[in-house]
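Values in this text are rule-based calculations from the coordinates and carry no lab data. Note that the coordinates shown come from a computational prediction; the quantities given were computed from them, not determined experimentally. Methodologically, a virtual Cβ is constructed for each residue, glycine included, from the backbone with ideal geometry; neighbour enumeration extends over all protein chains shown.
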Amino acid sequence: MKEAELLVIGAGPGGLAAAVEAARAGAKVTLLDENPQPGGQIYRQLPAGFRLTDPKALGRDFPRGQKLLAEFAQVRERVEYLDEALIWGVFQDSEVAFQRGQNSHSLRYRKLIVSVGAYERPVPFPGWTLPGVLTAGGAQRLVKIQRVLPGEKILLAGTGPLLLALANQIVDAGGQVAAIVEAGRIENWWRLARGAWGQWPLVADAWHYYRGIRQARIPLLRGHIITAARGDGQVAEAVVAEADRQWRPRPGTARIFRVDTVCLGYGFVPSVELTRLAQCDHRYDPQRGGWIPVRNEAMETSVPGVYAAGDCTGVAGSLVAVEEGRIAGIGAAQSLGYLSAAEAHPRLEACRRRRAGLLRLRQVLDEISMPRPGLYELAQDDTIVCRCEEITLGEIKKALREGPTDMNEIKRMTRMGMGACQGRMCAAALQEIMAREKGVPPAELGFLNPRPPVKPVPLPVLAGHQALE
Amino acid sequence: MINRRVEKGVARGREFEIEVDGEKLRAHEGETIAAVMLAAGRRTFRQTGLRQQARGYYCGIGLCHECMMVVNGVPNTRTCQTLATPGCRVETQEGPGKLEVAF
Ligand SMILES: Cc1cc2nc3c(=O)[nH]c(=O)nc-3n(C[C@H](O)[C@H](O)[C@H](O)COP(=O)(O)OP(=O)(O)OC[C@H]3O[C@@H](n4cnc5c(N)ncnc54)[C@H](O)[C@@H]3O)c2cc1C
Ligand code: FES
């Protein structure tokens, strides 16, 4: 079976930076991503067929993405880059399996860097399954890359800077934003200012986004939360209430927005299926998005030779992902003998310094946006929690009375997490709901065991699986 | 109705038609089927099997499976990940469809 010297999974900011650094040092890099183009979620490029006539239309991240892609272009010839390659499993003996087109292959690696990103945190509340309710990231994807508005009157709800960015993109594209509903509050401006000190590009982004919102006269409701979406077959209105510090709606403060679209952004959940299958240790950190792989300073996981970088290790944004990718790439190259410690050291130090600065700001933002208990109390007994298997909160509570003690047990009892999304759309909420109902810390409930294939692969393709020679 | 296709900043690819539940919809090279649906103001992509609920585009990155439709006869096709092609025939999916994928 073919063995890759350094296998990098994911060609987003983290994976690209890792590939660039390792290839520069001389390592033989194999880079796989399920998307047709490199760039990941944030630096995603326009589809073939579309032509860019004004780069400003793609937003403020676009030039940063172009810079990283240009770095990658310089080493491109030395990197074995397989696009549209979906990694569907990681197995014993340093082996991965991937699908490309109508074929499925396995491949071995000497060193592995996992940088597969995150996905938006799903939060069940009444009406969240109605057509017209979508994730903020999904909306952004639509507006930025497909250049289609998700609706006519749009409410943004959730927490964090992504909502501000999205509001600007929608307005810039000619759409109408009814309001931004931000659950968090800035309790300590001084702390925020200290965290932001020195992070001037990000401060400039924030300034630009606030100005855009003010100019478009979009109400920004801090300390508010969406409690329901209503409509017959699709969204017609959203109910918004003032929220207390625990994000619980204050009685008597509800108001109704007549909108046809609701975009939800409650932060991200790291994708840990592959690091789980690689047997890496994980820990539960609600502030970083939930379960994350344990790593040392070199971005190496508890499994020697397996590194993890970027949002799949705890959500911290694209700029941190780049620095972590670089650190992992340099570290892997060093351990393969392409760099001496003396050569690696100054490069690592520069990345570590930049990363630490970014994480200081991140820490303050995360404190504002970390989900509070009220968030998972919005669902009512008849609210769907598991979209695939159509399981309601009431059904979960009923199953809990039979005394399951961990996540896999309740999965077997209710079928939650057995559907097509493999638990990605329900596990984070289930973990918190079950912990609350049982009165135990979420981490004690374990996690849903991922099984290969981690994403759907057509059966005929699986049937033809072959090792890559 | 506003024009949901944003014309600013990009020039779209070649225009063609696709058929959704018998209705002809305008599409462009590079657009996903989901984008074509939403541009036309169509929000219901599938109907659930158990409770007959309408569902539509939710995550946009191929994970939630709410955008599954029957495309050229193939059920469970995630339309947010599938490009529209000239003349393709798309139907609203009722229930789970015939599962042809392993997960
Ligand atoms: C929909 C969406 C929109 C976002 N928009 C913004 C934004 O506007 N601004 C902002 O600051 N942040 C945004 N974020 C967050 C931002 O994308 C991340 O902070 C940043 O991209 C992290 O980089 P990364 O390299 O860690 O992960 P990603 O950019 O997510 O890259 C991961 C890559 O891994 C690939 N991959 C994943 N699983 C597999 C697999 N099994 N096999 C093969 N390849 C795989 C993916 O295709 C992807 O290219 C968004 C996130 C999402 C999910
Ligand atoms: S919208 Fe989630 S998979 Fe397509």
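Mind listing the phi-derived Karplus ³J(HN,Hα) values for region A:93-104, rounded to whole Hz, using 6.51, -1.76 and 1.60 with θ = phi - 60°, and x for any glycine or proline?
6, 6, 10, 10, 10, 9, 9, 9, x, 8, 10, 10
For the residues A:135, A:129, what sequence is obtained by ranking on other C-beta atoms within 10 Å, fewest first?
Ranked by crowding around the Cβ, least crowded first: A:129, A:135.
Where both residues lie in the protein assembly as shown, what percent of DSSP beta bridges are antiparallel, nearest 5?
60 percent
Whose amide H sits under 5 Å from the amide H of residue A:228, counting only residues 5 or more places off or on another chain, with H placed in the peptide plane?
Residues meeting the amide H criterion: A:239.
What Cys residues in chain A have no fellow cysteine's beta-carbon under 4.7 angstrom?
A:263, A:280, A:312, A:351, A:388, A:421
Which FRET efficiency, nearest 0.05, do residue A:176 and residue A:367 yield, Cβ-Cβ r, R0 25 Å?
After rounding, the FRET efficiency stands at 0.20.
Can you give the relative contact order of chain A as a percent, counting alpha carbon pairs under 8 Å and 6+ residues apart?
Relative contact order of chain A: 19 percent.
Select from region A:258-354 those trypsin sites (Lys or Arg not before Pro) which occupy a DSSP coil region and have at most 14 other Cβ atoms within 10 Å, ordered by residue number.
Passing both the DSSP loop test and the Cβ count: A:258.
In region A:375-407, what GluC sites (Glu not before Pro) fall in a loop by DSSP, with at most 15 other Cβ atoms inside 10 Å?
For GluC sites (Glu not before Pro) across region A:375-407 that sit outside H, G, I, E and B with at most 15 neighbouring Cβ atoms in 10 Å, the list reads A:402.
Report the residue, chosen from B:93, B:53, B:81, that carries the largest GNM mean-square fluctuation when chain B is represented by alpha-carbon nodes joined by springs under 10 Å.
Result for chain B, Cα springs under 10 Å: B:53 fluctuates most.
Per DSSP H run of at least 4 residues, take -39500 (n - 2.57); add these up for chain A, divide by its residues and hand me the 222 nm value, nearest 500 deg cm²/dmol.
Result for chain A: -10000 deg cm²/dmol, rounded to the nearest 500.
What length, rounded to one decimal in nm, is gained on full extension from residue A:152 through to residue A:200, with 0.36 nm per residue of separation minus their alpha-carbon distance?
So the extension gain works out to 13.9 nm.
What list do you get for B:32, A:261, A:227, A:405 if you sort them by fewest beta carbons within 10 Å?
Ascending Cβ contact count within 10 Å gives the list A:405, A:227, B:32, A:261.
Normalised by the residues of region A:273-406, what does the relative contact order come to in percent, with Cα pairs under 8 Å and at least six apart?
After rounding, I find 15 percent.
Only sites in a loop by DSSP and with at most 16 other Cβ atoms within 10 Å count here; which trypsin sites (Lys or Arg not before Pro) in region A:382-469 make the cut?
A:401, A:415
Checking the a/c ratio against 1.5 first, then a/b against b/c, what shape does the Cα gyration tensor give for region A:327-469?
Oblate, since a/c reaches 1.5 and b/c is not below a/b.
Decide, for the protein assembly as shown, between rounded, prolate and oblate: order the square roots of the alpha carbon gyration tensor eigenvalues as a ≥ b ≥ c, take rounded if a/c falls under 1.5, and otherwise choose prolate if a/b is larger than b/c, else oblate.
Here the protein assembly as shown falls in the rounded category.
If we count every other residue with Cβ under 12 angstrom of residue A:207's Cβ, Lys/Arg +1 and Asp/Glu -1, where does the sum land?
Here the charged neighbours net out to +2.
Taking other Cβ within 10 Å of each residue's Cβ, how do B:21, A:54, A:172 sort, fewest first?
A:54, B:21, A:172
Do any of A:153/B:8; A:56/B:24; A:67/A:144; A:67/A:111; A:411/A:438; A:411/A:455 go past 24 Å between their Cα atoms, and which?
From the list (A:153/B:8; A:56/B:24; A:67/A:144; A:67/A:111; A:411/A:438; A:411/A:455), the Cα-Cα distance tops 24 Å for A:56/B:24; A:67/A:111.
Relative contact order, percent, of chain B when contacts are C-alpha pairs under 8 Å separated by at least 6 residues?
28 percent
Under 16 Å from a point placed 7 Å out from the Cα of residue A:342 along the Cα-to-Cβ direction: which residues of region A:23-44 have their backbone N that close?
none
Give, as a single signed number, the net charge of other residues whose beta carbon lies under 11 Å from the beta carbon of residue B:48, with Lys and Arg counted +1 and Asp and Glu -1.
Neighbour charge sum, excluding residue B:48 itself: 0.
Using a/c under 1.5 as the rounded threshold, could you call region A:122-266 rounded, prolate or oblate? The axes a ≥ b ≥ c are square roots of the C-alpha gyration tensor eigenvalues, and prolate needs a/b larger than b/c, oblate otherwise.
Oblate is the answer for region A:122-266, as a/c is 1.5 or above yet b/c matches or exceeds a/b.
Based on the Cβ-Cβ distance from residue A:408 to residue A:216, what FRET efficiency comes out when R0 is 30 Å, to the nearest 0.05?
Efficiency for this residue pair is about 0.05.
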